[in-house]
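Report on the following structure.
What follows draws every value from the coordinates through simple rules; no lab data is involved. This is a predicted model, so every value here is computed, not measured. Quick reminder, even Gly has a Cβ in these numbers, built from the backbone with ideal geometry, and neighbours come from all protein chains shown.
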Amino acid sequence: MKLNLRSLALAVCLTSAAVGGLSGCAGTQNKQSTGEYIDDKATNSRVKKALGDDIEYKFEHVNVDTFKGTVQLSGFVNTRAQKNKAADIAKTVPGVKEVVNNITIRE
């Protein structure tokens with residue numbers, strides 16, 4: 001499946017290059033390339049699944065956003081242990097380069 005998505009992204013880039021230049025496919029510091037977008041979507045899904053599969057917490061109120069391999073966690077948990085556990089889980093997911101843990105602890 002991942003190979004097919006990469007092939008599709010390559011085809012889109014090549015078509016864009018033939019029609020109007022590579023501007024639609026190239027990434028910049030603030031914009032994902034087509035391939036990065038596809039990879040980030042897959043990474044985002046894997047992190048959400050890993051958090052949801054955690055037997056102890058489930059992390060129902062944690063949001064996940066991924067940009068160029070950096071995963072940002074936000075939302076709410078009840079304890080510091082939950083906040084730390086969410087980051088630890090995210091760090092083990094393939095494709096994650098860095099985790100920014102912005103989860104808020106309810107008090």
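Legend: residue pairs 48/83; 58/91; 41/83; 41/85; 48/91; 31/91, Cα-Cα distance threshold 18 Å; pairs beyond threshold, 41/83; 41/85; 31/91.
Stretching residue 78 away from residue 97 to a fully extended chain increases their span by 4.2 nm, per 0.36 nm per residue minus the current alpha-carbon distance. Listed values for the stretch 94-107 are Karplus-derived 3J(HN,Hα) couplings in whole Hz (6.51 cos²θ - 1.76 cosθ + 1.60, θ = phi - 60°), namely x, x, 7, 8, 7, 10, 10, 9, 9, 5, 9, 8, 5, 10, and x replaces Gly and Pro.
Across the stretch 34-40, rounded Karplus estimates of 3J(HN,Hα) from the backbone phi angles (6.51 cos²θ - 1.76 cosθ + 1.60, θ = phi - 60°) give 4, x, 5, 4, 5, 4, 5 Hz, Gly and Pro being marked x. Seen from residue 88, the other residues with C-beta closer than 14 Å to its C-beta sum to a net charge of 0, counting Lys and Arg as +1 and Asp and Glu as -1.
Calculate the translational D of the stretch 33-107 in whole µm² s⁻¹ from Stokes-Einstein, where the hydrodynamic radius comes from the Kirkwood formula applied to all Cα pairs, the temperature is 25 °C and the viscosity 0.890 mPa s.
Working: Rh = 12.2 Å.
Here the translational diffusion coefficient equals 202 µm²/s.
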